[in-house]
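Take a look at the structure set out below.
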Amino acid sequence: MKTEDIQSVYFVGAGGIGMSALVRYFLAKNIPVAGYDRVRTALTDTMTAEGACLHFEDNPSLIPDAFKDKESTLVVYTPAVPNTHQELNYFLDNGFEVMKRAQVLGILTRSLKGLCVAGTHGKTTTTTMLAHLLMQTPEKCNAFLGGISKNYDTNYLFSQQSPYVVVEADEFDRSFHWLSPYISVVTATDPDHLDIYGTYENYLASFRKYSSLIEPGGTLVVHTGLAFKPDLQPGVRQLSYGMHAGDFHAENIRMGGGEVSFDFISPFGNVPGIRLGVPMEVNIENGVAAMAVAQLCGVSDDEIKQGMESFQGVVRRFDIKIKTDKLVLLSDYAHHPQEVKRCAESLRSVFNGRKITTIFQPHLYTRTRDLYKDFAKSLSVFDEVVLCEIYPAREEPIEGITSRIIYDRLEEGVERHLIDSKCVQEFVKNHDFDVLVILGAGNLDDQMPALEDLLRPRS
């Protein structure tokens, strides 16, 4: 189907962060949108208010008649939907054009200059930072973000005149192989999604394949020290970045008192006196990557400095709700051992000398099974660990795989608790905290408003 033939779009799994950005794209193009999601959320309510026709029962009879013409309706689905899904199979059985979200993004990266951020962790923050830096320029940008930008209260940005589209390149089920990047960042290649890839070698091979898709004349900006070996087309240059080393890096780093600043070192011109709007150590690296791409796109030094200082972050990424000398409360999406470790170390650097507690909900039985020892090691960087049961997402339970296998391997000296997620508010009500982070990709974040209400009087 040619883009000009699309008269309506139906989403099977409309409510996810990535899918909802595409919903908003087509709505902005004045193309009718309908779809299904498993649960109604604040985000689905927002999309309904913006014009999408959504329902929450897997039932082909609920598909509006206007979306049953296979010649004019594009169907977009999320890989999180099972292959037994009735609505998805209705469209497949009736010969509709059915695409993954990544396939649609791939079309957009071929029509605009795709600025893509891939990697095991850091994607969403880096992508959102980059989009915010480009929004400081007259041309602005298009962006499909993996989280809700706190600056714009959305996961989608639209510009009629910008030549750039910023995309989070998701390695889950090899979706990023549909993209055609002009510039790409690769943040990390730590093992993940081994339930999909089988082996770490296959995971690395997938990143190698992805690197081969960068367009001639484009650029790969890759973190120093990664295990994967790029396979670049002729005419694609490779540059490196890191916190302390690489073509792009930081010098004169100053942290403490809840503030972070540094000098940005670049082969295209240094930018001194960068101040982070979200002052976390991990955002130094994320910021270096975002600034590198912004520089390559012609963003000025002043625009870079202004953008980095005014960046407010991403919902659920070092998302600070309370910050006083008495109490800090924040939420973070970290759900891989390396992300957990980076979060803990960042908090320890910025809030030095304070007791740091995490309430952590592991995400997926398979990830817990494969990485439980690493989770225990990373969580042991915290002073106190409160473990909830595993959030299953798309999976069925695996015998013997519970949060207990992490709990039992936490290092000596770490205060520890094992509780039901339904008891989190009661636990918080009856305990004192200095710095508390609600951690993980499950549904604990749904309780953040209640937790904030409980803790704010103590701050």
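Scan the range 66-95 for residues that are of a type outside the set (Gly, Ala, Ser) and free of Cβ contacts under 8 Å to residues at least 60 places away in the same chain and report the count. Don't jump to the end; show me each part of the working.
First pass over the range 66-95, keeping only residues of a type outside the set (Gly, Ala, Ser): 67-71, 73-79, 81-94.
From what's left, free of Cβ contacts under 8 Å to residues at least 60 places away in the same chain: 67-68, 70, 83-84, 86, 89-90, 92-94.
So the answer is 11.
What residue, of Ala290, Ala227, is in the same structural domain as Phe176 (by TED's automatic domain parsing) and either within 30 Å of Asp153 (Cα to Cα) or among the acidic types (Asp, Glu) (or both)?
Exactly one of Ala290, Ala227 is in the same structural domain as Phe176 (by TED's automatic domain parsing) and either within 30 Å of Asp153 (Cα to Cα) or among the acidic types (Asp, Glu) (or both), namely Ala290.
Collect the residues in the range 125-163 that are buried (at least 24 other Cβ atoms within 10 Å of the Cβ) and of a type in the set (Ser, Thr, Tyr), keeping them in residue-number order.
Thr125, Thr126, Thr127, Thr128, Ser149
Is it true that some residue in the range 377-391 is in the same structural domain as Lys355 (by TED's automatic domain parsing), without any contact (Cβ under 8 Å) to a residue 12 or more places away in the chain and among the acidic types (Asp, Glu)?
Among the residues of the range 377-391, not one is in the same structural domain as Lys355 (by TED's automatic domain parsing), without any contact (Cβ under 8 Å) to a residue 12 or more places away in the chain and among the acidic types (Asp, Glu), which makes the answer no.
Look through Tyr10, Tyr90 and report the one residue that is of a type outside the set (A, V, I, L, M), over 23 Å from the mean Cα position of the chain (by Cα) and in a helix (DSSP H, G or I).
Going through Tyr10, Tyr90 in turn, the sole match is Tyr90.
With the requirement that a residue be aliphatic (A, V, I, L, M), over 18 Å from the mean Cα position of the chain (by Cα) and either crowded, with 19+ Cβ neighbours inside 10 Å or closer than 11 Å to Ile214 by Cβ (or both), what does the range 174-200 give you?
Of everything in the range 174-200, just one residue is aliphatic (A, V, I, L, M), over 18 Å from the mean Cα position of the chain (by Cα) and either crowded, with 19+ Cβ neighbours inside 10 Å or closer than 11 Å to Ile214 by Cβ (or both), namely Ile183.
Could you check, for the range 215-231, whether at least one of its residues is farther than 17 Å from His121 by Cβ, surrounded by fewer than 17 Cβ atoms within 10 Å (Cβ to Cβ) and touching a Pro at 6+ places or on another chain (Cβ under 8 Å)?
Checked against the condition, which is being farther than 17 Å from His121 by Cβ, surrounded by fewer than 17 Cβ atoms within 10 Å (Cβ to Cβ) and touching a Pro at 6+ places or on another chain (Cβ under 8 Å), the range 215-231 yields at least one hit.
Given Ser266, Ser261, Ser300, which one is of a type in the set (S, T, N, Q), surrounded by fewer than 17 Cβ atoms within 10 Å (Cβ to Cβ) and either at pLDDT 95 or above or farther than 26 Å from Gly353 by Cβ (or both)? Give the derivation first.
On the way: Ser266 fails: surrounded by fewer than 17 Cβ atoms within 10 Å (Cβ to Cβ); Ser261 fails: surrounded by fewer than 17 Cβ atoms within 10 Å (Cβ to Cβ).
Unique residue meeting the criteria: Ser300.
Anything in the range 49-81 that is surrounded by 13 or more Cβ atoms within 10 Å (Cβ to Cβ) and in a helix (DSSP H, G or I)? List them, or say none.
Glu50, Pro60, Leu62, Ala66, Phe67
Has the range 340-348 got at least one residue that is within 17 Å of the chain's Cα centre (by Cα) and not basic (Lys, Arg)? Steps first, answer last, please.
Applying the first criterion (within 17 Å of the chain's Cα centre (by Cα)) to the range 340-348 yields 340-343.
Next cut, not basic (Lys, Arg) only: 340, 343.
Within the range 340-348, one or more residues are within 17 Å of the chain's Cα centre (by Cα) and not basic (Lys, Arg).
Just wondering, is there one or more residues in the range 210-225 that are more than 20 Å from His244 (Cα to Cα), touching a His at 6+ places or on another chain (Cβ under 9 Å) and at pLDDT 95 or above? Can you show your working first?
Going through the range 210-225, the residues more than 20 Å from His244 (Cα to Cα) turn out to be 210-219.
Checking which are touching a His at 6+ places or on another chain (Cβ under 9 Å) leaves us with 210, 213.
Still in the running and at pLDDT 95 or above: 210, 213.
Yes, the range 210-225 contains at least one residue that is more than 20 Å from His244 (Cα to Cα), touching a His at 6+ places or on another chain (Cβ under 9 Å) and at pLDDT 95 or above.
Applying the selection to the range 239-272, what residues are of a type in the set (S, T, N, Q), farther than 24 Å from Ser211 by Cβ and in contact with a Phe, Trp or Tyr (Cβ under 9 Å, 6 or more places away or on another chain)?
Asn252, Asn270
Looking only at residues in the range 345-379 that are touching a strand residue (DSSP E or B) at 6+ places or on another chain (Cβ under 7 Å) and assigned to a helix (DSSP H, G or I), which one is nearest to Leu444 (Cα to Cα)?
Per the stated criteria, the residue is Leu379.
Does the range 387-426 hold any residues that are among the basic types (Lys, Arg) and either closer than 17 Å to Ile438 by Cα or crowded, with 18+ Cβ neighbours inside 10 Å (or both), and which are they?
Answer for the range 387-426, where residues must be among the basic types (Lys, Arg) and either closer than 17 Å to Ile438 by Cα or crowded, with 18+ Cβ neighbours inside 10 Å (or both): Arg416, Lys422.
Mind checking which pairs have a first residue in the range 267-282 that is in the same structural domain as Asp302 (by TED's automatic domain parsing) and a second that is part of a loop (DSSP other than H, G, I, E, B) and acidic (Asp, Glu), Cβ under 6 Å, 6 or more apart or different chains?
Qualifying pairs under 6 Å: Pro267/Asp247.
For the list (1) free of Cβ contacts under 8 Å to residues at least 24 places away in the same chain; (2) at positive phi, I need the number of the one condition that Thr48 fails.
If we test Thr48 against (1) free of Cβ contacts under 8 Å to residues at least 24 places away in the same chain; (2) at positive phi, just (2) comes out false.
Counting just the residues of the range 1-22 that are touching a helix residue (DSSP H, G or I) at 6+ places or on another chain (Cβ under 6 Å) and without any contact (Cβ under 8 Å) to a residue 60 or more places away in the chain, which one comes out surrounded by the fewest Cβ atoms within 10 Å (Cβ to Cβ)?
Among residues in the range 1-22 that are touching a helix residue (DSSP H, G or I) at 6+ places or on another chain (Cβ under 6 Å) and without any contact (Cβ under 8 Å) to a residue 60 or more places away in the chain, the one surrounded by the fewest Cβ atoms within 10 Å (Cβ to Cβ) is Gly15.
Within the range 27-42, identify whether any single residue is outside any strand (DSSP E or B), hydroxyl-bearing (Ser, Thr, Tyr) and crowded, with 16+ Cβ neighbours inside 10 Å, and answer yes or no. Give the derivation first.
In the first step, residues of the range 27-42 are kept if they are outside any strand (DSSP E or B); the result is 27-32, 37-42.
Now narrow it down to the ones that are hydroxyl-bearing (Ser, Thr, Tyr): 41.
Right, trim to crowded, with 16+ Cβ neighbours inside 10 Å and you get none.
Taking every residue of the range 27-42 in turn, none turns out to be outside any strand (DSSP E or B), hydroxyl-bearing (Ser, Thr, Tyr) and crowded, with 16+ Cβ neighbours inside 10 Å.
Given Glu389, Glu399, which one is under 20 Å from Pro337 (Cβ atoms) and part of a loop (DSSP other than H, G, I, E, B)?
Sole residue among the options that is under 20 Å from Pro337 (Cβ atoms) and part of a loop (DSSP other than H, G, I, E, B): Glu389.
List, please: which pairs have Cβ atoms under 8 Å, are six or more places apart or on different chains, and start with a residue in the range 395-412 that is in contact (Cβ under 8 Å) with a residue 40 or more places away in the chain and end with one that is of a type in the set (A, V, I, L, M) and in a helix (DSSP H, G or I)?
Ile406/Ala376; Ile406/Leu379
Could you say whether any residue in the range 354-369 is among the hydrophobic types (A, V, I, L, M, F, W, C), within 20 Å of Glu411 (Cα to Cα) and either out of contact with any Asp or Glu (no Cβ under 6 Å at 6 or more places or on another chain) or in the same structural domain as His132 (by TED's automatic domain parsing) (or both)?
Within the range 354-369, one or more residues are among the hydrophobic types (A, V, I, L, M, F, W, C), within 20 Å of Glu411 (Cα to Cα) and either out of contact with any Asp or Glu (no Cβ under 6 Å at 6 or more places or on another chain) or in the same structural domain as His132 (by TED's automatic domain parsing) (or both).
The values are calculated or read from the model by the stated rules, or taken from the named source; none is laboratory data. Quick caveat, the model's predicted, so the values are computed rather than measured. We place every Cβ from the backbone using ideal geometry, glycine too, and count neighbours over all the protein chains shown.
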